[in-house]
Amino acid sequence: MSTADHLRALHEQGFTLFPSVLDTRAVAALRERIDRLRPIHWDYLGLLDDHFKCVFNRGPEWLPYLDLPGVIEVAEAALGADCHVIGQTAWRSRPGFIGADLHLDHLVMELPERLLDDPAFQLPMQICTAHLYLDDITPDLCPTRVIPGSHRAGRRPRPGETHWRGREPEAVLCRAGDLLLFRSELWHAGSRNLSPNRSRYLLQIHYGRRMVAQKFSPYLAFQFSPAVLAACTPRQRRLLGDHEPAEYD
Ligand SMILES: O=C(O)CCC(=O)C(=O)O
């Protein structure tokens with residue numbers, strides 16, 4: 001699929017899948033890299049899942065995941081050539097993990113469905129999330145679930161709501177190394193890890209328009225690693241927030 005095809009899917013379905021972004025060796029290397037992480041700042045090792053935030057700052061070896069070829073072009077087409085990364089989290093979801101209920105991640109404002117149904121109106125994107133899966137995602141290994149087209153609901157799901165216009169969330173089943181990109185207004189959910197002994201490894205990258213604030217915990221105490229900054233390409237520096245001056249600067 002071309003950049004234009006992916007962009008069209010984001011507008012029409014609210015999500016798009018990139019097959020084989022990483023090959024088998026690169027998947028194994030990234031899983032090992034995640035296994036070597038130790039929690040700092042707001043990271044946690046939970047009973048059923050582990051989260052490591054802002055992993056781009058852990059060392060130059062994490063930088064290539066900010067601008068994966070083929071994916072970054074779509075993020076820039078969707079969010080502007082000056083878009084940036086607002087967060088990046090490595091997850092391990094262990095057996096027994098219970099995923100999130102149906103939700104959306106960010107909606108700038110509620111809008112009437114009749115406006116969103118008008119083919120002449122195209123809702124601009126503000127934030128998109130990439131899920132880089134590091135396992136074959138089978139129905140028992142907490143697939144992400146999405147409701148195609150639900151970014152046009154114009155609102156978030158109400159408590160207890162489980163479908164939109166009769167459509168239930170659909171599991172995104174894919175291969176290790178595939179990447180799902182979805183817009184923040186899409187209704188989506190996690191699901192359970194029902195496997196007896198497999199953990200789902202996931203690298204999540206959030207992209208936002210330049211005016212969307214970066215969420216680099218621990219915020220006031222956050223400091224960029226000098227080794228990471230020294231290794232960045234110009235595009236990676238911009239993705240980390242080194243922008244041309246603009247309004248409010
Ligand atoms: O676990 C998943 O696949 C879904 C994650 C999710 O819904 C989120 O981070 O907003």
Q) Hey, if you put +1 on the Cβ of every Lys and Arg and -1 on every Asp and Glu Cβ in region 1-99, which of GLY46, PRO19, ALA9 ends up farthest toward the positive end of that dipole? A) GLY46
Q: Find, among the chymotrypsin sites (Phe, Trp or Tyr not before Pro) in region 39-111, those assigned to loop by DSSP (not H, G, I, E, B) with at most 16 other beta-carbon atoms within 10 angstrom.
A: TRP42
Q: Please turn the phi angles of region 225-241 into ³J(HN,Hα) values with the Karplus equation 6.51 cos²θ - 1.76 cosθ + 1.60 (θ = phi - 60°), one per residue in order, whole Hz, x for glycine and proline.
A: 6, x, 5, 5, 4, 5, 8, 5, 6, x, 5, 5, 4, 4, 4, 8, x
**Q.** region 203-249-region 10-48 distance, computed between alpha-carbon centres (Å)
**A.** 19
Q) Using a simple charge model, +1 on the beta-carbon of Lys and Arg, -1 on the beta-carbon of Asp and Glu, nothing else, what dipole does region 6-86 show about its Cα centre, in debye to the nearest 20? A) 240
Q. Assuming R0 = 22 Å, what is the FRET efficiency of ARG114 and GLU168, from their Cβ-Cβ distance, to the nearest 0.05?
A. 0.40
Q: Find the accessible area per residue for region 65-145; the probe is 1.4 Å, ligands and nucleic acids are left out, and the unit is Å².
A: 40
Q: Counting other Cβ atoms within 10 Å, keep those with at most 13, restrict to DSSP loop, and tell me which GluC sites (Glu not before Pro) in region 34-119 are left.
A: GLU110
Q: Could you please state how large a percent of the accessible area of region 119-221 is carbon and sulfur, counting protein chains only and using a 1.4 Å probe?
A: 54
Q: Among PRO245, SER199, PRO226, flag the residue with its Cα farthest along the positive direction of the charge dipole of the chain, charges on Cβ as +1 for Lys/Arg and -1 for Asp/Glu.
A: SER199
Q) Would you list THR144, THR3, THR162 from the most to the least accessible area, probe 1.4 Å? A) THR162, THR3, THR144
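The values are calculated or read from the model by the stated rules, or taken from the named source; none is laboratory data. Predicted, not measured: the structure shown is a model, and the values here were computed from it. Glycine also receives a Cβ, built like all others from the backbone with ideal geometry; neighbour counts cover every protein chain displayed. Ligands, DNA and RNA are excluded from the accessible area calculation, which covers all protein heavy atoms including side chains. Shrake-Rupley method; radii C 1.70, N 1.55, O 1.52, S 1.80 Å.
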